[in-house]
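Values in this text are rule-based calculations from the coordinates and carry no lab data. None of these values were measured; they are calculated from a predicted model. Ideal geometry is used to build each Cβ from the backbone, glycine not excepted, and the neighbour counts take in all protein chains shown.
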Amino acid sequence: MKSISLREPGHFVLNDTPLPPRLGQDEVQVRVRKVGICGTDLHAFTGTQPFFSYPRILGHELALEVIDIGSTQQSHNLHVGDLCCLRPYLNCGTCDACRRGFTNCCMNMQVFGVHRDGGMREVINVPIDKVHKSTVLTAESLALVEMLSIGCHAVERAQVKRDEVVLVVGVGPIGLGVAQFAALAGARVIVADVSDARCAFAWKDPAINYCIDAKQDVIEQLKSVVPDGLPTVVFDATGNAQSMMKSFQFVAHGGRLVFVGLFQGDVTFHDPDFHRRELSLFASRNATASDFDRVIAALEANKINVASWITDRVSPEQMVDAFPTWLAPESKTIKAMLSFDNV
Ligand SMILES: [Zn+2]
Ligand SMILES: [Zn+2]
């Protein structure tokens, strides 16, 4: 079967590799239909993600078709031919976090396609309890569910309420996802980004009320858009330390600040600013099974429409050359999608 391996930073190879071994207990064998490409994959390629080891088969945003179901005592609703997506967070099930139900932040977390080989290959075996199916959605929509679940989880963390003013800093795919679920919760959604291309895309999104140019003074622009006070919830989806540190200033007194993006280092803040406002600071990591179910239900009900987010479509043969172009600063790529379908 075809499989794409990142041999070392900057160097993908397309291989012919053996099919996976026989199904183990509680596993399903699936054909990989689509693979969404995300920031984590781009960092793996540039070698800027310290926890990556090489060679690695990337791919954790997956649309899958069931081809075989192994023996299992677990209740499931899967049939051969079903389309599904994968919740790629392989938690241990036994650590303190898992036992308390915090499976998304397991102490021994292994993410499929990050810490272990992932889905950039034609056939894989995956745990049956990590598979979410839809009889309605297309393969492309299913490949976007994982990414959207990150935003859904962040909005859940903040418990966004109707008529709240929400600011999302960083409007790449993750920030766009946060905006969708904040809007579904009834919030008025403002976004901010330094990229003109991303701002232009955000202005067209019906979930977004206003887009701030983060190259200019953000507070000044916020004052004109929300004259009666600052946003009560601010999400940072940049993973940029400077942006994360600045975001404390954008939150109303008594508000919540959610770090969706991750920075590999220290983030500091001025405690009197934090205290004076009595802020609540949240980290948001991965997503839970119920986040995945919520995303699938929202897509099935056409409450969010993300088809226009897919700007680039490639075959395995094309991806090796196309991948570096998605990193270019002038790139208009929002979401790139690798297809193992013969179309
Ligand atoms: Zn991702
Ligand atoms: Zn665990």
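In a GNM of the chain with a 10 Å cut-off on Cα contacts, which of LEU19, LEU62, LEU42 has the highest mean-square fluctuation? Between LEU19, LEU62, LEU42, it is LEU19 that shows the largest mean-square fluctuation. So if I take the centroid of the Cα atoms in the stretch 291-343 and the same for the stretch 12-42, what is the distance between those two points in Å? Taking the Cα centre of the stretch 12-42 as reference, the centre of the stretch 291-343 is 17 Å away. Of all segments of the chain bounded by GluC sites (Glu not before Pro) found in a DSSP loop with no more than 11 other C-beta atoms within 10 Å, the longest spans 1-277. Comparing GLY81, GLY36, GLY151 in a Gaussian network model of the chain (Cα springs below 10 Å), the most mobile by mean-square fluctuation is GLY81.
Are there chymotrypsin sites (Phe, Trp or Tyr not before Pro) in the stretch 27-98 that DSSP marks as loop and that have at most 12 other Cβ atoms within 10 Å, and which are they?
Within the stretch 27-98, the qualifying chymotrypsin sites (Phe, Trp or Tyr not before Pro) (loop, at most 12 other Cβ atoms within 10 Å) are PHE51.
Each Lys or Arg adds one and each Asp or Glu takes one away; over the other residues whose Cβ falls under 13 Å from the Cβ of ILE310, this sums to +1. Shown for SER141, SER315, SER149: other C-beta atoms within 10 Å of each C-beta, ranked fewest to most, produce the order SER315, SER141, SER149. Of all DSSP-defined beta bridges confined to the stretch 60-150, some 90% are antiparallel rather than parallel.
Please return the longest stretch of the chain lacking exposed loop sites, where trypsin sites (Lys or Arg not before Pro) count only if DSSP places them in a loop and at most 14 other Cβ atoms lie within 10 Å.
Values: sites that count: ARG22, ARG100, LYS161, ARG162, LYS204, LYS215, LYS303, LYS332.
With a cap of 14 other Cβ atoms within 10 Å, the longest stretch comes to 216-302.
Structure note, pairs LYS161/LYS332; LYS223/LYS335; LYS246/LYS335; LYS2/LYS130; LYS204/LYS246: Cα-Cα distances above 29 angstrom occur for LYS161/LYS332; LYS223/LYS335. Specify whether the C-alpha gyration tensor of the chain places it in the rounded, prolate or oblate class, a ≥ b ≥ c being the square roots of the eigenvalues: rounded for a/c under 1.5, otherwise prolate if a/b is larger than b/c and oblate if not. In terms of gyration-tensor shape, prolate. The ranking of HIS43, HIS11, HIS153 from fewest to most other beta carbons within 10 Å of each one's beta carbon is HIS11, HIS43, HIS153. Answer rounded, prolate or oblate for the stretch 151-283, using the Cα gyration tensor with square roots of eigenvalues a ≥ b ≥ c: rounded when a/c is under 1.5, else prolate when a/b is larger than b/c, else oblate. The shape class here is rounded. For the chain, the 222 nm mean residue ellipticity estimated from helices alone, with every DSSP H stretch of n ≥ 4 adding -39500 (n - 2.57) and the total spread over all residues, rounds to -7000 deg cm²/dmol.
Name the shape class, rounded, prolate or oblate, that the alpha-carbon gyration tensor gives for the stretch 34-126, where a ≥ b ≥ c are the square roots of its eigenvalues, rounded holds for a/c under 1.5, and otherwise prolate holds if a/b is larger than b/c and oblate otherwise. The partial results should precede the final answer.
Working: a/c = 2.37, a/b = 1.17, b/c = 2.02.
Here the stretch 34-126 falls in the oblate category.
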